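Input: a single structure, listed below in structure tokens.
The values are calculated or read from the model by the stated rules, or taken from the named source; none is laboratory data. The structure presented is a predicted model; accordingly, all values stated were derived computationally and were not measured. With ideal geometry, Cβ positions are generated from the backbone for all residues, glycine too; neighbour counts draw on all protein chains shown. All accessible areas refer to the heavy atoms of the entire protein, side chains included, with ligands and DNA or RNA removed. Shrake-Rupley method; radii C 1.70, N 1.55, O 1.52, S 1.80 Å.
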Amino acid sequence: MMMNETLYNGLPEIDNGPVPPESAPIGEYAVQGIPLVIEAVLGRSRLTVAQLSKLHRDDHIDLDTNFGDPVDLKVNGTVIGRGEIVFNESKTAIGVKIVEISHGRRR
């Protein structure tokens, strides 16, 4: 078995989904499947190691934000916009309502 064949056999299958239209840039289709980590930063707090080590179950950590304050939305660590925390009663879950998206700007 040749080295290239060994290397090829270790690669995952490539999805040969629909062929992009000729007029569309191939780069747009090439990045569609890349996974992203999205975060909603509720707030921050500063503690010393001593304070952290004294925390127990049911203790509270105060954050630097209040109810109604916008939260930063981050994608892979970069702020891309702001949102508001919302509660979805049907799923008993919280989520984020997007308020602002900063297209192309770094914060």
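Using the Karplus relation 6.51 cos²θ - 1.76 cosθ + 1.60 with θ = phi - 60°, the per-residue 3J(HN,Hα) values for the stretch 93-100 come to 9, 9, x, 10, 8, 6, 9, 8 Hz, with x marking Gly and Pro. Each peptide in 43-51, 65-73 receives the mean, over its residues, of other Cβ atoms within 10 Å, and ordering these scores from highest gives 65-73, 43-51.
Couplings for the stretch 49-62, taken from phi via the Karplus curve 6.51 cos²θ - 1.76 cosθ + 1.60 with θ = phi - 60°, read 4, 4, 5, 4, 5, 8, 6, 10, 4, 6, 6, 10, 10, 6 Hz in order; Gly and Pro are left as x. The modelled label-to-label distance for the pair residue 86/residue 29, using points 7 Å beyond Cα in the direction of Cβ, is 3.3 nm. The fraction of accessible area contributed by carbon and sulfur in the stretch 34-107 is 54 percent, rounded to a whole number (1.4 Å probe; ligands and nucleic acids excluded).
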